[in-house]
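Chemist: Structure in structure tokens, see below.
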Amino acid sequence: MTRRVVVGDLRVQRLDRRNGLRSWTIVWPEGTVHEEADRFLRVHDGSGTQKTYAYYLVDHLRWLERECLSFEDVRLRDLERYMGVVGADVRMPLGEPWRDGKRPYGRAALSTAAACLKGFYLHQSSLGVNAELGGALDRTRLPTRADRRRALLGHVKTEMPANPLAPKGRYRRHPRMLPDGARDDLLAVVSPARDRLIVSWLADGGLRIGELCGLYLTDLHLRQDAAYGECRWPHLHVCHRPGNPNGAEAKTKHPWRAEGGTVAGGLVRRVSPAMVHAYFEYVTSEYPRESGHGMLLVQLHGPAAGQPLAPSAPAGCSPAPGSAQVSGP
């Protein structure tokens, strides 16, 4: 993700707390808090959703400023028009272009933006602002067979929440799964053992990038019959740690504990033989002898060599033909 300094416009502000936790809010150009946005984002305080919604919401607020629309004046058609200018298939005049030079949102991003906007304006409606728009967004639909299968006591459900801003049509369940043969192609072009570990562990372990970059060496139990007996086979523990130095956070928040340098609890995932092989190749050849932080993935080059690898480093880069490195520093 490209970072840039925002001057003279609404921006997202990260707040670092004394206890190591992070919060996200939106501020005006002069640095004062955007009260309406801040009240909504506080609802999601302590979760990764807060950061995601902050970046989607700030783009919408900038668009409102350009269109000279207040929260009381926004109508459902205005929100549909906004979804159109960011990439949705909307059959209406969209007005002036927005986000020049940037790619339109994909289907997953459009779904997230729609959920953010619906939540924000329903929150405004609950405070007495623009109740008409809140009523237009607060829709329901009949549950499908898939909805009933996913939900607890789904057989007794009579309605499900609906979002008129969400993209229409069927949603592919795994939009980011690698095509057949892609893993072997990636392993053929990456050079560092760390990058081969990243490819193998994301493919075999089913890990999110935040989960992988947030792993500590104590989370790994790579032999059979490890301590606590939570899994007989080699496995790892995904633990939610909001204060990681690289900003990596697991979405899952299962309770966990550390006893005598061994982690128990969290989300337990099996580890394949290929993952174990990639781990020992990386640890014995590239992992620093004295890291100090104990995290699994580290930077290999530059002034920050040996420091934890940020989630944006592997996620923001892709290998080109003949390249020697798939991830970040």
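Chemist: What are the extents of the Cα atoms of the stretch 88-231 along their three principal axes, listed from largest to smallest and rounded to whole Å?
Modeler: 59, 46, 31
Chemist: How about the stretch 32-131: which GluC sites (Glu not before Pro) there lie in a loop by DSSP and see at most 15 other Cβ atoms within 10 Å?
Modeler: Hits after loop and neighbour filter: E72.
Chemist: Considering all projection directions equally, how large on average is the shadow of the alpha-carbon convex hull of the stretch 11-162, in square nanometres?
Modeler: The directionally averaged projection comes out at 11.7 nm².
Chemist: By Kyte-Doolittle mean hydropathy of at least 0.0 and Cα axial length of at least 24 Å, which whole DSSP H helices of the chain are selected?
Modeler: Membrane-span-like by this rule: 107-126.
Chemist: Past 22 Å, Cα to Cα: identify those pairs from K157/K251; K168/K253; K51/K118; K168/K251, in the order given.
Modeler: The pairs that break the limit, which is 22 Å between Cα atoms, are K157/K251; K168/K253; K168/K251.
Chemist: On a full-extension model of 0.36 nm per residue, what is the gain between L76 and H155, subtracting their alpha-carbon distance, rounded to one decimal in nm?
Modeler: Contour length minus Cα-Cα distance gives 25.2 nm.
Chemist: With each label point set 7 Å from Cα along the Cα-Cβ vector, what nm distance links D16 and H277?
Modeler: 4.1
Chemist: Something else about it: Here are several values of P(r) over Cα pairs in 20 Å bins from 0, in percent: (i) 33, 61, 5; (ii) 29, 61, 10, 0; (iii) 25, 53, 22, 0. Which one was derived from the coordinates shown?
Modeler: Computed from the coordinates, P(r) over Cα pairs in 20 Å bins from 0, in percent corresponds to (iii).
Chemist: How do 92-104, 21-33 rank on mean C-beta neighbours within 10 Å, highest first?
Modeler: Ranking, from highest mean packing down: 21-33, 92-104.
Chemist: Next question. What is the spin-label model distance, in nm, from L94 to R145 if the labels are put 7 Å beyond Cα along the C-beta direction?
Modeler: With each label point 7 Å from Cα toward Cβ, the separation is 3.6 nm.
Chemist: At R0 = 45 Å, how high is the FRET efficiency between A304 and V43 if r is their beta carbon distance? Nearest 0.05 is fine.
Modeler: Efficiency at R0 = 45 Å is approximately 0.80.
No lab work stands behind these numbers, since they all come straight from the coordinates. As the structure is a prediction and not an experimental result, all values here were calculated from the model. Ideal geometry is used to build each Cβ from the backbone, glycine not excepted, and the neighbour counts take in all protein chains shown.
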